[in-house]
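Inspection log for the structure reproduced underneath, given as structure tokens.
The values are calculated or read from the model by the stated rules, or taken from the named source; none is laboratory data. These figures come from a predicted structure and were not determined experimentally. Backbone-built Cβ (ideal geometry, glycine too); neighbour counts: all protein chains shown. Quick note on the areas: whole protein, heavy atoms, side chains included, nothing else; ligands and nucleic acids left out. Shrake-Rupley method; radii C 1.70, N 1.55, O 1.52, S 1.80 Å.
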Amino acid sequence: MTPSRPTVAAPLRPQLLRPREGVQPTTSTELFFDLVFIFTITQLSHYLLAHLDWRGAGRTGLLLALVWLVWVYTTWLTNWLQPDQGPVRTMLIGVGLGSLLLSATIPEAFGSTGLLFALVYVIVQVGRTLFALWAVQGSPWLVAGFQQSLPWITGTSVLVVVGGLVGGAARDAVWAAVIVIEVVGLSIGYPLPRRGRSRPERWMVEGGHLAERCAAFVLIALGESILVTGSTLTSQVNLVTSGAFLLAFGGSVALWWVYFARSAPAATQVIAQAGERTGALSRVAFNFLHPVIVAGVVVASAADERLLREPGAPATTVDVLLTLGGPALFLAGHAAYKALLWRILPISRVAAVVVLLALMPTAVVLGAPVAVCAAAALAVTVAVILTDRFRVRTAAARQPS
């Protein structure tokens, strides 16, 4: 938590603001809000499975990025507001409903439901920001931040509607431009004429809370992956598919272990104690890097579903890209996350990504069964876990007794 704060006037609605005392707990209201996104992850993985080409992969990435903007900006807001207070709870339920509608439109978001997706998006994004301005009145440091971001969020939301009005490649281009503008705008502090830019050291972020919230989203994504494999297994239970299920389950456990065994609690502590760097760290770690980690889970979930359908079939290029690419994407995002927080190169994760990428052409040329590709991905991820444990034990042994 940032130790210093600007001088503030008395907030008009102090009961709506979170206290700035230590890591704030995640509330049941926030967890209920997150439940909507189980459906979102399912929709994204199914969209990817239905569009197994580069264009489909790019569109899946665009949809994930847009939905992530809804979730992460709402999470930033609840970093400052009390989720269990009536008005804030009502806002969260409304955003949750909007997010559910967004998720429902995903299968045809680049077709017939694109405009509905866009209209819901603009209502949620702009409506939530206007609510935030109402809720934080009397706290100049918060009011200034939301006033700074409102024109940018409104502008990009209107662009999403423009994308919904056009079709084909034009929609892809407009929505991709929205993501670029959002990333650039946040990176440079939403500059406005005569107002300058918003400085991250003045955001008064409680970084530990944001770290726990993003960890919860990763957990939800992994849980959805297990749900998909379980439901796929029920359609044909036999010895072969049960073995494939164990591979898929093991892959999910391995990804969970990489993220949660030590890194998640340690990351919460690092960000919570980052002082004036908290805002800048949180911006990169949670807005930019965590969507990559979640994307890895989405791809791995799609791979697991194909694994359970035909575990013994020779892997096509698509199968290899999904089966090895999902863990590679997850580990790459997590490597960047660790590098950002600890300012070190996480060699085990980087090496694992290189190995997974190197295995791709080999698996395609050899026509390895899908199950063999899944086993290879699991083995590489387990190697990362074992390397981490060895490093921790070695470091502990070197400590003076």
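The requirement of being within 19 Å of residue 68 (Cα to Cα) and at pLDDT below 95 is not satisfied by residue 139.
Criterion applied to 223, 145, 185 was being under 28 Å from residue 60 (Cβ atoms), part of a helix (DSSP H, G or I), over 16 Å from the mean Cα position of the chain (by Cα) and of a type in the set (Gly, Ala, Ser), and the one residue passing it is 185.
Filter the range 128-142 down to residues that are open to solvent by less than 30 Å² (accessible area, probe 1.4 Å) and over 24 Å from the mean Cα position of the chain (by Cα), then give me how many there are. The qualifying residues number 6. Taking the range 148-171 as the range and being open to solvent by less than 40 Å² (accessible area, probe 1.4 Å) and either of a type in the set (Phe, Trp, Tyr) or not in a helix (DSSP H, G or I) (or both) as the test, only 168 passes. Contact annotation: no residue pair with Cβ atoms under 8 Å, 6 or more positions apart or on different chains, pairs a residue in the range 257-268 that is within 14 Å of residue 346 (Cα to Cα) and modelled with pLDDT of 90 or more with a partner that is open to solvent by 40 Å² or more (accessible area, probe 1.4 Å) and not in a helix (DSSP H, G or I). Checking each residue in the range 96-123 for being open to solvent by 10 Å² or more (accessible area, probe 1.4 Å) and under 21 Å from the mean Cα position of the chain (by Cα) picks out 97, 100, 101, 104, 107, 120, 122. All conditions but one from (1) among the aliphatic types (A, V, I, L, M); (2) within 16 Å of residue 254 (Cα to Cα); (3) not in a helix (DSSP H, G or I) apply to residue 344; the one that does not is (2). Taking the range 192-220 as the range and being in contact with a Phe, Trp or Tyr (Cβ under 9 Å, 6 or more places away or on another chain), more than 30 Å from residue 298 (Cα to Cα) and outside any helix (DSSP H, G or I) as the test, the residues that pass are 192, 197, 198, 203, 204.
Applying the condition of being hydrophobic (A, V, I, L, M, F, W, C) and either surrounded by fewer than 19 Cβ atoms within 10 Å (Cβ to Cβ) or over 26 Å from the mean Cα position of the chain (by Cα) (or both) to the range 376-387 and asking which residue is farthest from residue 328 (Cα to Cα) yields 386.
So which residues in the range 133-142 are under 19 Å from residue 192 (Cα atoms) and either outside any helix (DSSP H, G or I) or in contact (Cβ under 8 Å) with a residue 40 or more places away in the chain (or both), if there are any at all? If the condition is that a residue be under 19 Å from residue 192 (Cα atoms) and either outside any helix (DSSP H, G or I) or in contact (Cβ under 8 Å) with a residue 40 or more places away in the chain (or both), then 140, 141, 142 are the ones that fit. Determine whether the range 78-85 contains at least one residue that is within 22 Å of residue 137 (Cβ to Cβ) and acidic (Asp, Glu). Yes, the conditions are met somewhere in the range 78-85. If you go through the range 334-344 one residue at a time, do you hit one that is more than 30 Å from residue 275 (Cβ to Cβ), in contact (Cβ under 8 Å) with a residue 24 or more places away in the chain and open to solvent by 30 Å² or more (accessible area, probe 1.4 Å)? Within the range 334-344, none of the residues are more than 30 Å from residue 275 (Cβ to Cβ), in contact (Cβ under 8 Å) with a residue 24 or more places away in the chain and open to solvent by 30 Å² or more (accessible area, probe 1.4 Å). For the range 272-294, the condition holds for at least one residue, the condition being that it is farther than 24 Å from residue 62 by Cα, assigned to a helix (DSSP H, G or I) and of a type in the set (Val, Ile, Thr). Close contacts from the range 195-213, counting a first residue that is open to solvent by 10 Å² or more (accessible area, probe 1.4 Å) and a second that is of a type in the set (Val, Ile, Thr) and in a helix (DSSP H, G or I), with Cβ to Cβ under 6 Å and a gap of 6+ residues or different chains, come to 212/268.
So is residue 112 at negative phi and either in contact with a strand residue (DSSP E or B) (Cβ under 8 Å, 6 or more places away or on another chain) or in a loop (DSSP other than H, G, I, E, B) (or both) or not? Yes.
Those residues that are aromatic (Phe, Trp, Tyr), under 30 Å from residue 206 (Cβ atoms) and touching a Ser or Thr at 6+ places or on another chain (Cβ under 8 Å), I need them from the range 13-65; list them, please. Within the range 13-65, 33, 37, 39 qualify.
Per the listing 368, 363, 358, 374, the residue uniquely among the small types (Gly, Ala, Ser) and within 21 Å of residue 257 (Cβ to Cβ) is 374. Scanning the range 349-375 for residues that are within 26 Å of residue 290 (Cβ to Cβ), among the small types (Gly, Ala, Ser) and crowded, with 20+ Cβ neighbours inside 10 Å yields 352, 374.
Of everything in the range 37-66, what is hydrophobic (A, V, I, L, M, F, W, C) and open to solvent by less than 10 Å² (accessible area, probe 1.4 Å)? Give them in sequence order. Answer for the range 37-66, where residues must be hydrophobic (A, V, I, L, M, F, W, C) and open to solvent by less than 10 Å² (accessible area, probe 1.4 Å): 37, 41, 44, 63, 66.
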